[in-house]
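Before any comments, here is the structure.
Coordinate-derived values only; no laboratory data. What you see is a predicted model, and the numbers here were worked out from it, not measured in a lab. Here the Cβ positions follow ideal geometry from the backbone for every residue, glycine too, while neighbour counts run over all protein chains shown.
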Amino acid sequence: MLKNYIKIAWKVLLRRKFFTFVSLFGIVFTLLVLMVVAAFIDNIFSPGKAGSRFDRTLLVRRIELKAERSSIYSSPGYYFLDRYVRPMQQPEMVTFHSRTGEAVSYVRGRKLELSVKHADAVFWDVMEFDFLEGRPYDQIEVENADHVAVITQRTAEQAFGEGSAVGELFETSDGTFRVVGVIPQEQIPSEDAHADMYVPSTLDNFTKSLDRLYGRYIGYVVVPDGVDDDLVKQEFDQRMEQVREDFKGEYDSIACLIGSPADNAINHLMPGRTQVHNRSLVLGGIVILMVLFMLFPAINLVNINISRIIERSSEVGVRRAFGASKRALVGQFLVENIVLTLIGGAIAFVLSIFVLDAITSSGLIPFGKFGFNLKVFLYAVALCLFFGVFSGVLPAYRMSRLHPVEALKGGEA
Amino acid sequence: MLHLANIEKVYRTRTIETLALHDINIDVPQGAFLSVMGPSGSGKSTLLNIMGLLDAPTNGKLAIDGKTVTDLSDRAMARLRNDRIGFVFQSYHLINDLTVVDNVELPLIYRRMSSSERRSKALAALDKVGLSARTRHFPTQLSGGQCQRVAIARAIVGEPDVILADEPTGNLDSAMSDEIMDILSGLNRNEKTTIVMVTHNQALAEKTERIIRLYDGSQVN
């Protein structure tokens, strides 16, 4: 029976080209937008390499300090991270790196603008980059404040051309550095961690002068494999109590969030910047918005389908006369809709690969990598099916209520 | 085979009640060829729809082979229509999206049957009505007479016991009408298929074994 339904659906779609085009256009456009949105969400909530330490990393990237006459919302300072976060017992690793600074280099008469990050040696253990050449700088080089640098492949190409960059001296406005390693920029998992050049944190003069509780550093805290995030968060909260105690006279309140990249992304969107938001609630909100977004074209499609069924009421009457039960007819019309939606889904799927690729290569969203992956594909399939069933159920129900005699006369339900 | 006892059909709206059929009592024996005549609005099509389980009587009883069928479920009625009844309509009611052979296969879709068996039965039915050469055409590419022959092929493909034909020649010229009548007579004679045909055409009605006349929803003799 199902095979027949699919065969009939195919024939109907081929014969009714205008209707098929209008429906497909609506489905493809909506699904295309949804797939791109799904890829964006996927990029925000799980940007790391699967199975890497970054997936188990909690971020400390914002601190909020309130005094009687002032309020500061900033990145944490090196001192705060070094004094209160680094000594934590639960984490597998703790690393800090600065927000990016700017430097300039002149290569063969051409100005090269660089983003520079100061990071410790543990940063490389957390990131687990596949070095294209060379190596990361080590703890001794950091302690010695050696002028060494790790640069991205793009920077290496711009500064040194096609040849090897390792061992070369790189003159910049921040000083001259010996390149020790080159990394692929595609592997940098987030905007936070991105820079063209990484140098030892001990070379950061800013750290030593102004940095206290707030400053320009970001902390990455790696939760050991198999350990609950909450244990680490509890320990962090205890440390924060200590901070409040130590700075009692200076600030009325001190708040700092430790959370996954997703928690941080949510915090960016929501009010209460250092509060912990319920992640599933926010995700639920996003899903509801997506469903609402889908409702408009779906309602349109329901309308088209109802008119189409009224147009085909004679067929409904004939099928009823020759032995189709109401249930069989509902099945047939649902299959027709689902087939149409899946075809639309397949077209949207192919188109979205091109669109996502274009967005990624345009550089419109810095550090965004919107490649198609299995998860996004599954979102798309689920969306297609929801769309197909939703836009088919009501028309199919109306159709099943058509009286056979009235249907043969071309009447309405 | 078909037994209608005290059939009454009333159409009700909020303000008007219309008596479409009143006290109809008909016996249709197996293998009979009956025609139903009467002026427009006399209830001919309503009677045929009730016989074909497409409409339910307001009162009275319809039995097929002694079994009352008026209180069956939607699914059971659908099964009964599929197994035992074939329909031919005045305006053919072919599905324009499907080819001739796919139209003829339609009743068999609702049976457990392989697609090859379905196809061979449909081709055989088309052969019986002389349309073997038009199997891949679409209904819009056929003449009225050819369309009605396709409709007859569709009605007989499931080998029903009874064919209910609602003015099958109403849209055709006299030559075509004769052709269609010959096909129906042949089916009745050779296959022993019971046929009940609604018609306005006295000459065609006289070719059948018995004429049932309706006037204002009542049976007159």
Two pseudo-spin positions, 7 Å from Cα along C-beta at A:Glu241 and at B:Ser120, lie apart in nanometres by 8.5
Okay, which of the stretch A:1-37 sit inside 19 Å, backbone N to the point 7 Å along the Cα-Cβ direction of A:Asn303? A:18-31
Footprinting exposure proxy for B:Ile195, B:Ile26, B:Ile95 (fewest neighbouring C-beta atoms within 10 Å first): B:Ile26, B:Ile95, B:Ile195
For A:Val148, which sequence-distant residues (separation of 5 or more, or a different chain) have an amide H within less than 5 Å of its own amide H, given hydrogens modelled in the peptide plane? A:Arg178
Within the stretch A:101-182, which trypsin sites (Lys or Arg not before Pro) sit in a loop by DSSP and count at most 14 neighbouring Cβ atoms inside 10 Å? A:Arg108
Between the helical axis of B:144-156 and the dominant principal axis of chain B, each derived from Cα atoms, what acute angle in degrees is found, rounded to the nearest 10? 80
Explain nothing, just the number: dipole magnitude of the stretch B:95-221 about its Cα centre with +1 on each Lys and Arg Cβ and -1 on each Asp and Glu Cβ, in debye rounded to the nearest 20. 460
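Using a Förster distance of 60 angstrom, determine the FRET efficiency expected from the C-beta separation of B:Asp23 and A:Lys375, and round it to 0.05. All intermediate terms of the calculation are to be shown ahead of the outcome.
Numbers: r = 70 Å, r/R0 = 1.16.
For R0 = 60 Å, the calculated efficiency reads 0.30.
Nearest 0.05, what FRET efficiency do A:Leu292 and B:Glu209 give at R0 = 45 Å with Cβ-Cβ as r?
On the way: r = 66 Å, r/R0 = 1.46.
That pair, A:Leu292 with B:Glu209, gives E of 0.10.
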From a point 7 Å beyond the Cα of A:Arg69 in the direction of its Cβ, which residues of the stretch A:219-262 have a backbone N at a distance under 17 Å? A:249-253
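Of the DSSP beta bridges with both residues in chain A, give the percent that are antiparallel, rounding to the nearest 5.
Working: 38 of 47 bridges.
Taking every DSSP beta bridge within chain A, about 80 percent pair in antiparallel fashion.
Taking the Cβ of B:Leu142 as the centre, find all other residues whose Cβ is under 10 Å away and add up their charges (Lys, Arg: +1; Asp, Glu: -1). Present the calculation step by step, with values, prior to reporting the outcome.
On the way: positive: B:Arg134, B:Arg149; negative: none.
Around B:Leu142, the surrounding residues sum to +2.
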As I understand it, the dipole of the stretch B:93-221 uses +1 on the Cβ of Lys and Arg and -1 on the Cβ of Asp and Glu, about the Cα centre. Which of B:Tyr110, B:Ser185, B:Ile152 lies farthest toward its positive end? B:Tyr110
Total charge of the residues flanking B:Ala5 in space, meaning their Cβ is under 15 Å from its Cβ, with Lys and Arg +1 and Asp and Glu -1, is -2
Taking the Cβ-Cβ separation of A:Asp138 and A:Val350 as r and a Förster radius of 35 Å, what is the calculated FRET efficiency to the nearest 0.05? 0.15
GluC sites (Glu not before Pro) within the stretch A:1-100, DSSP loop, no more than 15 other Cβ atoms inside 10 Å: A:Glu68
For A:Lys117, list the lysines whose Cα falls under 25 Å from its own Cα; do not include residues on the same chain fewer than 8 positions away. A:Lys49, A:Lys208, A:Lys369
Of all trypsin sites (Lys or Arg not before Pro) in the stretch B:1-55, which ones are in loop regions per DSSP and have a Cβ with at most 11 other Cβ atoms within 10 Å? B:Arg14
Cut-off 10 Å between beta-carbons: net charge of the residues surrounding A:Phe19, Lys and Arg +1, Asp and Glu -1: +3
For A:Lys11, list the lysines whose Cα falls under 22 Å from its own Cα; do not include residues on the same chain fewer than 8 positions away. A:Lys3, A:Lys326, B:Lys121
Return the aspartates and glutamates within reach of A:Lys409: Cα separation strictly under 12 angstrom, same-chain partners fewer than 8 residues apart disregarded; answer none if there are no such residues. A:Glu311, A:Glu315
Any idea how far apart A:Ile6 and B:Gln141 come out in nm if each label point goes 7 Å out from Cα toward Cβ? 2.6
Please name whichever of A:Ile309, A:Phe377, A:Pro76 sits farthest to the positive end of the charge dipole of chain A, dipole taken about the Cα centre and charges placed at Cβ: Lys and Arg +1, Asp and Glu -1. A:Ile309
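Only Lys, Arg, Asp and Glu count, each charged at its Cβ (+1, +1, -1, -1), so figure out the dipole size of the protein assembly as shown about its Cα centre, rounded to 20 debye. Before the final figure, lay out the partial values.
Working: 68 positive and 72 negative charges, 599 e Å.
With Lys and Arg at +1 and Asp and Glu at -1, about 2880 debye.
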